[in-house]
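Everything on this sheet refers to the single structure shown next.
None of the figures in this text is laboratory data; all of them are computed from the coordinates on show. Quantities reported herein were computed from a predicted structural model and do not represent experimental measurements. We place every Cβ from the backbone using ideal geometry, glycine too, and count neighbours over all the protein chains shown.
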Amino acid sequence: MASTRAAAGVYPDRTGPVIDAWLGERGFTLGERRVVPDGDPVGAALRTALDAGVDLVITTGGTGVSPHDLTPEQTLPHLDRLLPGLMEEFRRRGAASTPLALISRGHAGIARGRTLVINLPGSPNGVKDGLGLLDEVVNHILDQLHGVDH
């Protein structure tokens, strides 16, 4: 999670446990969950995950328009190929619940030719919406990244 306040202990990480449960229910091996301040620490955490060779990285938080929301800027340099349709659909679905979904600036794409990376907002409802969409496509994307023909 990218949150300066959560990283400082001002409030708990409310989205990481939701993602952990979703991953566990789908049989993913859980890696380290990190709560870091937004900005450069997000880029460092992404590099660590990518260096470990994981299949999937989900970030939460830091996708809005405040001066401190820098997760998209930290993510984009790591992506070899963008998946703009994924984020367009995420925002479209989210707007059915709240117009604030339209200002989420997150990215989705492929890093290092093998890892799916997606930025979700820091709200639990936004994360649930994103995971609902991801649930429909994640296995297909990961299969393709591993060379499984569909």
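Proximity of backbone amide H atoms, modeled 1.01 Å from N, is registered between Val57 and Leu116, Val117, Ile118 at under 5 Å, excluding neighbours fewer than 5 places apart on the same chain. Here the 3J(HN,Hα) profile of region 119-130, calculated from phi with Karplus coefficients 6.51, -1.76 and 1.60 at θ = phi - 60°, is 9, 10, x, x, 8, x, 5, x, 5, 4, 4, x Hz, Gly and Pro shown as x.
The modelled label-to-label distance between Asp51 and Tyr11, using points 7 Å beyond Cα along the C-beta direction, is 3.2 nm. Estimated at 0.36 nm per residue, the fully extended path between Arg26 and Val65 surpasses their Cα-Cα distance by 10.8 nm. Its relative contact order, with pairs defined as Cα atoms under 8 Å and 6+ residues apart, puts region 1-139 at 27 percent.
Any chance you could run the full-extension gain for Asp80 through Ala96? It's 0.36 nm times the residue separation minus the Cα-Cα distance, nm to one decimal.
Length gained between Asp80 and Ala96: 2.7 nm.
Looking at the chain alone, DSSP beta bridges between its own residues are antiparallel in about 55 percent of cases.
Between the amide H of Gly122 and those of Gly61, Gly62, Thr63, distances stay under 5 Å, these residues lying 5 or more places away or on another chain, with hydrogens modeled in the peptide plane. Across region 14-28, coupling constants 3J(HN,Hα) worked out from phi with the 6.51/-1.76/1.60 Karplus curve, θ = phi - 60°, read 9, 9, x, x, 5, 5, 4, 5, 4, 4, x, 5, 9, x, 6 Hz, and Gly and Pro carry x. Identify which of Leu76, Leu46, Leu100 has the largest mean-square fluctuation in a Gaussian network model of the chain, with springs joining Cα atoms closer than 10 Å. Greatest mean-square fluctuation among the candidates belongs to Leu100. For the peptides 83-96, 113-126, 18-31, the ranking by packing is 113-126, 83-96, 18-31, with the highest mean count of neighbouring Cβ atoms within 10 Å listed first.
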